[in-house]
Structure formats: C-alpha cells, structure tokens
1. Before we move on, is A:Gly262 out of contact with any helix residue (DSSP H, G or I) (no Cβ under 9 Å at 6 or more places or on another chain), surrounded by 18 or more Cβ atoms within 10 Å (Cβ to Cβ) and not polar (S, T, N, Q)?
2. For residues in region B:351-387 being within 24 Å of the chain's Cα centre (by Cα) and polar (S, T, N, Q), which is farthest from B:Glu440 (Cα to Cα)?
3. Mind listing whichever residues of region A:254-300 are in a loop (DSSP other than H, G, I, E, B) and modelled with pLDDT under 85?
4. Scan region A:89-98 and tell me whether some residue there is under 20 Å from A:Ser242 (Cα atoms), facing chain B (nearest Cβ under 10 Å) and buried (at least 19 other Cβ atoms within 10 Å of the Cβ).
5. Determine if region A:181-193 includes at least one residue that is at pLDDT below 90 and under 20 Å from A:Thr130 (Cβ atoms).
6. Hey, does region B:74-89 have a residue that's within 11 Å of chain A (Cβ to nearest Cβ), touching a residue at least 12 places away in the same chain (Cβ under 8 Å) and either in a helix (DSSP H, G or I) or in contact with a strand residue (DSSP E or B) (Cβ under 6 Å, 6 or more places away or on another chain) (or both)?
7. Condition check: closer than 16 Å to B:Val254 by Cβ, in contact with a Cys (Cβ under 8 Å, 6 or more places away or on another chain) and either crowded, with 23+ Cβ neighbours inside 10 Å or more than 7 Å from every other protein chain (Cβ to nearest Cβ) (or both). Does B:Leu144 satisfy that?
8. For residues in region B:165-186 being open to solvent by less than 20 Å² (accessible area, probe 1.4 Å) and without any contact (Cβ under 8 Å) to a residue 40 or more places away in the chain, which is nearest to B:Leu228 (Cα to Cα)?
Amino acid sequence: MLAGIYGLLSASFFVSMDAVDVAFTEAAVGAGVFPLLMLTALTVAGRYEQTVHRRPRAAFFLVLVTGALMIVGTLDMPAFGSLDAPAHTHVAARYIELSPTEIGIPNMVTSVLADYRAFDTLGEVVVVFTAVVGVLIMLTPGEQRQQPSPANAVETMRSHMILRVVSKMLIPLMLLFALYVQFHGEYGPGGGFQAGVIFAAAIILYAMLFGLVKAQAAIKPSILRLLAAFGVLLYGGVGVVSFLTGVNYLDYSRLATDPVVGRHIGIFSIELGVGITVAAAMILIFYAFAGYATGRAEAE
Amino acid sequence: MLSHLPILQVIVPLLAAPACLLLDRARAAWLFACMASFISVVISGLLVFQVHQFGVLSYSLGGWDAPWGIEYRIDLLSAYVLLIVSGIGALMILAADTAIRIEIPSERQPLFYVLYLLCLAGLLGIVATGDIFNVFVFLEISSLATYALIAQGRDRRALWAAYQYLIVGTIGATFILIGIGFLYSLTGTLNMQDLANRLPALESSATAFTAFAFLMVGVCLKLALFPLHLWLPNAYAYAPSIVTAFLAATATKVAVYLLIRFHFSVFGVGFAASVLPLHSIFLVLGLVGVFVASLVAIQQPNVKRLFAYSSVAQIGYMIIGIGIGTVTGLQATLLHLFNHALMKGALFLALAAIVFRFGSADIRHFAGLGQRMPWTMAIIVIGGLSLIGVPGTVGFISKWYLILAAFERDWWPLIIAVLLGSLLAVIYIWRLIEVAYFREGEGESRGEAPLSLLIPTAILALANIYFGIDTRLPVYLSDSAAQMLFGGGP
C-alpha cells in the first residue's frame with residue numbers, strides 16, 4: 001500500500017518537474033502494476049515471517065555515511081534550475097535548438113530517447129524483456145509440479161456486479177487511450193513504454209474481474225511470448241534495416257528519401273516495438289504470478 | 001560490413017536472444033545460441049585485429065556524433081576484454097547442452113539459452129560502449145539475466161543466493177547510477193571522452209569526489225572486492241555449474257574492466273591520487289582479500305565453494321596490480337584478467353563434469369577420482385597448478401609480472417606476501433589432489449564425463465599451458481593497453 005502511495009507521490013513529483021512522460025509511466029507502473037504484483041507475490045508467499053532479533057548497527061552506520069556523502073555531493077552541484085548549469089548548456093542545448101529541424105517532432109523527450117539516444121532505449125526494452133524471461137524461467141513448473149488445471153480456477157469477482165459493469169465500459173476506453181498514447185508520443189507526452197503499460201493494465205483489470213482463464217483464452221500466453229520477442233526484434237530490426245541502407249545502426253535518415261520523414265518512420269516503428277514488448281511483458285508477468293498463486297492454492 | 005563490427009559485436013547476441021525465445025525447443029535454441037556465440041568470437045577477433053591495425057575505433061550509433069549520440073569506442077583494452085568474454089562465452093555454450101541436462105528441467109532449457117545470450121550481450125555491451133549511461137543499461141541487462149541464471153541451481157539455496165546477489169547487485173547498480181547522475185549534473189555530458197576532457201577542470205569539486213566514490217564502491221560491489229564479496233561464494237556454489245563457470249570467467253572480469261575504465265579513462269590517473277589514497281586502499285584490501293579468502297577456501301568441503309573463495313582471492317591479486325600504480329602493475333592486472341578466465345573456466349567446467357556424474361561437487365566424491373575420471377582430474381590438476389602459479393602455466397605469467405611490478409618499486413614485503421598467497425593456494429589444491437589420487441573411492445567405478453563436456457574443458461586446460469609458454473598475444477595486448485591507459489587516456 002505504501003508503495004502505491006509512494007508511486008503516486010513520485011508521479012506528481014515528476015509532473016511538478018515538468019517530466020510528464022516519466023510521470024505517466026510512474027503512475028501506471030509505480031502506483032498501479034507494482035503494488036498489484038507485490039500483492040500477488042504476497043499471496044504466493046507465506047503469511048508470517050520468522051522474525052530475527054538483531055540490531056544491524058553496522059548497516060545503520062553505513063546508511064548514515066552514504067546519506068552524508070550524498071549531501072556532500074550536492075554541495076557543489078549547480079543550483080537547481082540555474083540557466084548556466086552544465087546540464088543545460090552542453091548537450092541538452094543542441095537537443096533543444098536543433099531537434100525541431102533535425103527530427104521534426106515537437107516532443108523533444110521523444111526525440112532524445114527515440115533518436116539521439118535510441119540505443120539506450122533499445123537496451124531498456126531488452127531489460128524489460130530480460131525481466132519477463134527471468135520471471136518465466138523462475139515460475140515455469142519443473143517436472144515435479146503440475147500445471148494448474150484451468151477447470152478448477154474460479155472467477156473471483158462474480159458477485160461484484162457494479163465493478164463488472166463499470167469495467168466492461170472502461171476497458172475498451174483504456175485500450176483506446178493506450179493506442180492514443182502510443183501513436184501520439186511524437187507530439188505530446190507518451191510513447192511506447194506508457195502505452196504498453198496502459199494496455200497491459202486494461203488486460204490485467206479484465207483478468208482480475210473475470211478470472212485468469214477467460215483472460216488467457218482472450219490473449220494466449222504463447223502468443224504473448226511471441227509478441228514480447230517480436231517487439232525487441234522489431235526495434236532491433238529497424239537498426240538492421242539502417243545497415244542495409246548504408247548508414248550506422250539505428251540511423252533512420254535513409255528510411256525515406258527525405259531524412260526527416262525517414263526519422264518519423266523510424267521513431268514510429270521503434271515506439272511500436274517498445275509498446276508491444278512492454279505490454280506483452282507486463283501481462284505475461286501478471287499471468288505467471290497469478291497462475292502460480294492459483295496453482296499453489298489448489299495444491300493446498 | 002567491417003565498419004559495423006563494433007555494434008555487431010553486441011547486437012548479434014542481443015537480437016539472437018529474442019529469436020531464441022521464438023524457437024522454443026531446447027536443442028534448436030542451443031544450436032542457435034552456439035551459432036550466435038561463435039559469430040561474436042569471430043567478430044571480437046576481427047576487432048582486435050582492426051584496433052591493432054588502425055587504432056581506436058569509434059562508431060556513432062544512430063549516426064549522431066558523440067557527445068550528442070551514443071558512441072561505441074573500441075580501444076585495445078576493450079578489444080582485449082571483448083575477446084576474453086566472447087571466447088569464454090562460446091566455449092561454455094558448447095558444453096552447456098550436456099551440462100544443464102541434469103541440472104535444469106527440460107521445460108526451462110530454451111529460456112536458459114535466452115538468458116545466457118542476454119547475459120553475454122550485456123557483458124559485451126558494457127565493454128564496447130563509450131557512454132557511461134549506456135554502461136548502466138547494459139549492466140542492468142547482464143545483472144538481471146545473471147540473477148535468474150543463478151536461481152536455476154538445483155539446490156533450493158540457489159534461490160536465496162540469487163536473492164542475496166540481487167539485493168547487493170542492485171545496490172551496486174544504484175550507486176553507479178547515482179555516480180552517473182552527479183557526473184551529468186556537473187558536466188552535462190554522458191560521453192566518457194567528453195567527461196575526461198571536462199573533469200580535470202572540476203577536480204576540486206565535492207560533487208566530482210562524491211561521484212567518484214559512488215562509482216568506485218558500486219563497481220567494487222559487482223567486482224566482489226573484499227570485504228564486499230559476501231554474495232559471491234553462495235552465488236557461485238549454488239548456481240548451475242555451467243553458469244558458475246561462465247560467470248567466474250567473465251562477469252568479474254568485466255567489473256575489473258569497468259573499474260579500470262572509470263579510474264583511468266574517465267577520471268584520469270591523477271584524479272584519485274589527488275582526492276583520496278585510492279591506491280593504498282586497493283593494495284590493503286587486495287592483500288587482505290588474498291589471505292582471508294584463501295584461508296577460508298582451505299576449509300571448504302564443497303569444491304565449488306572452495307574455488308569461489310579462491311576467485312575472491314584472485315580478484316585480490318588483480319586489485320593489487322592496480323594498487324601498485326605503475327604500468328607494469330596494471331599490465332599484471334590485465335594479464336591476470338585473461339589468465340584467470342582461462343584457469344577458472346577450466347576448473348569450473350571440470351567441476352561441471354563432476355556434478356554431471358555425481359550430482360554435486362562435494363569433496364567426498366573426489367575420493368579415487370584420479371582413477372575414475374582420469375581426464376577430468378588431469379584438467380583439474382593443470383588448472384590448480386596454474387592457480388598456484390607454477391612455471392609453464394598462465395598463472396606463472398601473471399604472478400611473474402606482479403612480482404616484477406613490485407620489484408620495480410622495491411616493495412619487498414609485497415613480493416613476500418604474493419609468494420605466501422601462492423603457498424595458501426598450494427594447500428587447497430593439494431587437498432584436492434590428495435583426496436583424488438591417494439584415497440580409495442567407495443562404490444562402483446564410474447566412467448569419464450561425456451566428450452561434449454570434456455572437449456571444451458580440455459581446450460581451456462590446453463590454453464592454460466599454451467599461453468603459459470607462448471605469451472606473445474596476451475603480453476602484447478596487455479602491455480599496449482596499460483601504456484595507453486597511462487599515456488593520457490584512450
């Protein structure tokens with residue numbers, strides 16, 4: 001619960017720092033999906049923990065030293081918001097001055113993350129992909145454990161009429177909004193990460209209200225696995241196409257005759273890759289945990 | 001295509017990973033992963049050649065020149081480490097198919113290869129890039145994959161070991177990120193070269209000092225430098241054998257690379273000396289690490305754990321090399337990167353063969369092993385001799401250069417300490433040999449390990465001897481890399 005509150009607070013913090021894109025993601029992941037996954041994990045884990053009575057004095061001391069060091073570090077830092085701070089005058093200045101003509105899209109955040117530093121973003125997508133593969137390998141049942149039989153899985157929220165009706169109306173809107181965020185990323189706050197999370201949230205909401213079985217029937221885990229891999233390949237593939245046009249990896253300028261149009265196509269494709277992988281990864285992780293929880297509940 | 005080699009080095013395994021997930025059959029995934037790993041070895045070989053021929057290679061990703069875009073920058077040091085990592089990665093994957101057969105349930109095997117490739121790509125990415133934030137991104141990829149791989153051990157304690165490493169590793173990564181954040185706020189750039197140009201002017205700034213401290217501590221956590229090594233023995237002991245062999249021969253090496261890169265190329269040699277006695281700290285921690293870890297190793301009943309502690313000790317030697325603070329000292333460190341990868345690779349792979357036969361690497365399985373598995377045991381003897389530093393093996397070369405470096409500075413106590421450290425290695429290796437050759441084994445005699453495991457192990461063991469006699473390649477590379485690092489950055 002506190003984690004959820006923390007997520008919301010930091011989301012608002014990001015808004016006040018004018019980082020709407022990050023706030024978007026934080027609100028969806030930090031305040032939405034993360035507490036949900038924590039709760040699911042808690043149902044899997046035991047209820048009580050053996051308490052160990054030990055006072056970690058050394059750890060406390062270390063935390064104090066680290067904290068003090070961080071404060072020392074801020075002493076010589078350029079003043080917050082100062083115009084001549086190096087962070088604003090060196091690399092960022094070029095992004096602000098030239099990106100509207102070089103890349104031709106109004107959202108500079110997207111320009112930086114999908115073009116100037118597109119390779120970092122590819123790395124981040126791979127991080128998401130690695131996380132989902134990690135969760136899958138941990139929760140894939142070995143020989144000794146049986147797959148949970150879908151017939152016994154219950155629809156948890158059958159009695160909540162209001163929730164069911166309201167969510168039935170909401171879910172299509174959420175999906176639509178996800179698509180809007182996905183394709184509007186070049187012009188306003190948004191992009192693949194945010195869209196993927198919103199899309200996943202809609203599916204997870206459906207799974208929570210109508211049961212895992214129905215959700216899995218609608219969107220099969222095997223297809224999601226393909227999609228998660230496909231998103232990364234799409235992103236990486238755009239880079240490979242750049243090779244073939246005779247320029248460096250992830251250089252979109254020759255994807256069309258006009259470099260600016262080429263960059264549009266490039267950004268559009270990689271954002272799509274990001275969205276697909278992120279959405280598939282989120283849903284898969286939820287499926288894995290929820291499936292594991294029901295499997296455990298049956299075994300007991 | 002040759003001009004694209006720097007990026008191909010990383011994206012071949014990186015994109016092979018999701019493709020591997022699509023295959024979804026263990027055998028097919030294995031073959032595919034083998035192919036990708038071998039392509040990366042070829043690429044790293046070509047890269048060494050190109051750097052040797054044309055000097056530093058710079059590759060602007062997305063066509064944006066540094067510092068606006070991300071730059072891949074391959075100098076001799078990175079080419080050398082890329083060669084080590086991809087070479088070991090390919091040999092290990094050859095053996096993986098057999099080694100994981102009994103350790104990982106068949107449903108999980110395709111996913112295992114996906115994670116393996118991701119881990120490999122992450123490690124290669126850290127080494128190839130010239131951008132500090134990109135380092136962090138690839139560090140995350142390799143670390144996440146590592147946590148999941150370690151947790152695949154058959155022992156339930158593998159989960160706990162992986163969790164421990166997850167916590168420590170995440171703290172390390174966060175420290176590195178904080179350091180990067182401070183550096184960005186101070187200089188406005190993330191490119192290593194650009195940073196190296198801008199930092200000298202800011203030498204007296206407290207923020208630069210803090211950034212340096214955070215980066216160093218973060219890397220040392222990943223490095224398992226004594227006393228930050230506590231995660232390593234458990235992780236190595238309970239991970240699947242092939243994972244242990246891969247990580248022991250690559251992951252710590254990449255962390256040492258990162259330490260050298262930050263210390264020498266980003267901040268510059270002078271920076272550390274002006275703000276804190278980093279070299280003396282390294283010397284002391286390295287020495288204490290060598291002795292404490294070796295003494296603990298002597299008492300371990302589980303041989304995997306024994307060699308894990310010995311790895312901590314060997315990391316101590318590498319850090320001592322940096323701590324000496326001369327070109328020869330650094331060269332000793334770089335040589336030991338290469339040589340230690342060969343010895344620990346051979347030793348842990350041989351242990352994988354023993355685990356394959358007996359189900360665990362407990363020392364009681366070693367009784368009479370000299371007759372039961374003569375080849376595997378011979379490889380362990382070679383690896384052990386190399387670890388001690390007997391002439392004719394690679395271990396001798398590293399020790400030789402380390403002693404040479406100490407000699408140049410007239411640090412006799414250090415020379416004696418290094419020799420004493422080797423004596424401790426003699427004790428724990430002898431323990432194994434004694435049990436294997438002079439104690440009768442109980443039960444029926446069991447055969448040798450399958451060839452698919454034995455051949456890669458034997459290649460590594462032979463490499464231990466070959467590079468112990470014909471030292472031209474590693475000595476040339478490490479010498480030029482060390483001189484380059486001292487000669488004012490890449």
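The values are calculated or read from the model by the stated rules, or taken from the named source; none is laboratory data. Source: prediction; values computed, not measured. Cβ placement follows ideal geometry from the backbone for every residue including glycine, while neighbour counts extend to all protein chains displayed. Surface areas here come from the heavy atoms of the whole protein model, side chains and all, with no ligands, DNA or RNA. Shrake-Rupley method; radii C 1.70, N 1.55, O 1.52, S 1.80 Å.
1. When the stated conditions are applied, A:Gly262 passes them.
2. B:Ser386
3. Hits for region A:254-300 are A:Arg254, A:Leu255, A:Ala256, A:Thr257, A:Glu300.
4. There is no residue in region A:89-98 that is under 20 Å from A:Ser242 (Cα atoms), facing chain B (nearest Cβ under 10 Å) and buried (at least 19 other Cβ atoms within 10 Å of the Cβ).
5. The answer is yes, given that some residue of region A:181-193 is at pLDDT below 90 and under 20 Å from A:Thr130 (Cβ atoms).
6. Scanning region B:74-89, I find no residue that is within 11 Å of chain A (Cβ to nearest Cβ), touching a residue at least 12 places away in the same chain (Cβ under 8 Å) and either in a helix (DSSP H, G or I) or in contact with a strand residue (DSSP E or B) (Cβ under 6 Å, 6 or more places away or on another chain) (or both), so the answer is no.
7. Spelling it out, it is not the case that B:Leu144 is closer than 16 Å to B:Val254 by Cβ, in contact with a Cys (Cβ under 8 Å, 6 or more places away or on another chain) and either crowded, with 23+ Cβ neighbours inside 10 Å or more than 7 Å from every other protein chain (Cβ to nearest Cβ) (or both).
8. The selected residue is B:Gly179.
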